[in-house]
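Report on the following structure.
The values are calculated or read from the model by the stated rules, or taken from the named source; none is laboratory data. Keep in mind the model is a prediction, meaning the values are calculated, not measured. Virtual Cβ from ideal backbone geometry, glycine too; neighbours counted across all protein chains shown. Side chains are part of the model used for accessible areas, which takes the heavy atoms of the whole protein and leaves out ligands, DNA and RNA. Shrake-Rupley method; radii C 1.70, N 1.55, O 1.52, S 1.80 Å.
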Amino acid sequence: QVQLVESGGGLVQAGGSLRLSCAASGSISSIPVMGWYRQAPGKQRTLVAFISRSGTTNYADSVKGRFSISRDNAKNTVWLQMDSLKPEDTANYYCNLYPPSDALGHWGQGTQVTVSS
């Protein structure tokens, strides 16, 4: 059972960029699809993007054209490049399998992204 640890969040001005990382404690090469999710205060956690083992990607409409998900199975890492950030992108960001798994270690602490206007 891999454990997932997110990093790379921070405070950024609107229009800025951040690159989030999701490091797995074990191999992700056997995991068909990995995803990034986010949860804003008082709101439900929602899917931001997912990527298949072969590199096929899919994005929420709200981030299309601004965010880019990638993975390196050899490095057991998934990234989320976020450009042209908006205040409404402010949330805690998590990585997990897609569909998400509630198995121990799959929901980490997340990484907080705060976008100021």
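Numbers at a glance
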{"item": "A14 vs. criteria in contact with a helix residue (DSSP H, G or I) (Cβ under 7 Å, 6 or more places away or on another chain) and closer than 16 Å to V115 by Cα", "result": "yes"}
{"item": "Members of region 64-87 found to be in a loop (DSSP other than H, G, I, E, B) and open to solvent by less than 40 Å² (accessible area, probe 1.4 Å), listed by number", "result": "R66, N76, L85"}
{"item": "Matching entry among S52, S30 (being under 21 Å from Q1 (Cα atoms), open to solvent by less than 40 Å² (accessible area, probe 1.4 Å) and among the hydroxyl-bearing types (S, T, Y))", "result": "S52"}
{"item": "Tabulated pairs, region 42-71, first among the small types (G, A, S), second assigned to a loop (DSSP other than H, G, I, E, B) and surrounded by fewer than 18 Cβ atoms within 10 Å (Cβ to Cβ), C-beta under 7 angstrom, 6+ apart or interchain", "result": "A49/A60; S52/P32"}
{"item": "Candidate set from region 18-63 (those that are assigned to a loop (DSSP other than H, G, I, E, B) and under 14 Å from the mean Cα position of the chain (by Cα)); member that is farthest from A103 (Cα to Cα)", "result": "A60"}
{"item": "Selected residue [surrounded by fewer than 17 Cβ atoms within 10 Å (Cβ to Cβ) and at pLDDT 95 or above] from A23, A60, A91", "result": "A60"}
{"item": "Every residue from region 8-17 that is in a strand (DSSP E or B) and loosely packed, with under 15 Cβ neighbours inside 10 Å", "result": "G10, L11, Q13"}
{"item": "G42 open to solvent by 70 Å² or more (accessible area, probe 1.4 Å) and at positive phi", "result": "yes"}
